[in-house]
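Where a number appears in this text, it was derived from the coordinates with a stated rule and is not lab data. Just so it is clear, the structure is predicted and the values come from calculations on it, not from any experiment. Using ideal geometry, Cβ is built from the backbone for each residue, glycine included, and neighbour counts are taken over all protein chains shown.
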């Protein structure tokens, strides 16, 4: 085998897994395409010791620390596929190149698909968000909108009054029933049923089809997610359905349904954050090392 472990994905979860393995003096290859999910955000919040820091700076420092370990090799590129071979796994690196390892950690994350509303994508990570814990505090108890994408958006609308004055824009996606209206009212949230035409302004002002405009300090919505490595099912890993999209099923030790394959971070969660990804990665790295020590290939 070329390596003890190949990690597919070098963002927060992948680097955290790699750090545990590097410190266990294992030979590790990290393959990363350089598309962090939070690359659109100016600041990262909620990660102890790094609160308010630029996400790219956190990732760059983490990579520099990881690469100090002599057992770590970093490869910039995309893993095109993986398959089981005798004694481990082979990963297709493209252009005919293949790397092999006894264990595989999937940490490539997910990509987000936003509602097709003019002006929305341009504000993603700046004034349009999906995680209240990551971005709600900075809105300073201001005017917050929730753009519905399904009935699951009720969860957003019921949460966000803790961060500001909240309006749920149902946008023709669903109609809250009497009980849902009661729940929203109890939390101080209001409902607007008109369709949304566009997002404009320095914040995330919504222009409705009837010409009215709601001035907002921030807008929250739930993007659909897709796995960054579409070949994960071909490897044999089972998926679970989450409210935003499928994710890889793992056990408490972050092992997938394929023995010897572990997964961590957003690829293996219904929802996540930088802090959760780092914790997931630490668990996956330690569990992978345990597997190398005590389990047969």
- Note on the structure: Given (1) without any contact (Cβ under 8 Å) to a residue 60 or more places away in the chain; (2) farther than 26 Å from residue 254 by Cα; (3) assigned to a strand (DSSP E or B), residue 145 misses just (1)
- Message: Just the residues that are closer than 18 Å to residue 19 by Cα, in a helix (DSSP H, G or I) and in contact with a helix residue (DSSP H, G or I) (Cβ under 9 Å, 6 or more places away or on another chain), please, taken from the stretch 46-65.
- Response: 58, 59, 62, 63, 65
- Note on the structure: Residue hits (the stretch 162-182; closer than 23 Å to residue 139 by Cα and in contact with a helix residue (DSSP H, G or I) (Cβ under 7 Å, 6 or more places away or on another chain)) are 163, 164, 166, 168
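Applying the selection to the stretch 100-122, what residues are part of a strand (DSSP E or B) and under 26 Å from the mean Cα position of the chain (by Cα)?
Hits for the stretch 100-122 are 101, 103, 104, 105, 106, 110, 111, 112, 113.
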- Message: For the stretch 209-231, which positions are touching a strand residue (DSSP E or B) at 6+ places or on another chain (Cβ under 6 Å) and over 30 Å from residue 91 (Cβ atoms)?
- Response: 209, 213, 214, 215, 216, 217, 218, 219, 220, 221
- Item | Single match in 68, 78 (criterion: without any contact (Cβ under 8 Å) to a residue 40 or more places away in the chain, part of a loop (DSSP other than H, G, I, E, B) and closer than 24 Å to residue 1 by Cα) | 68
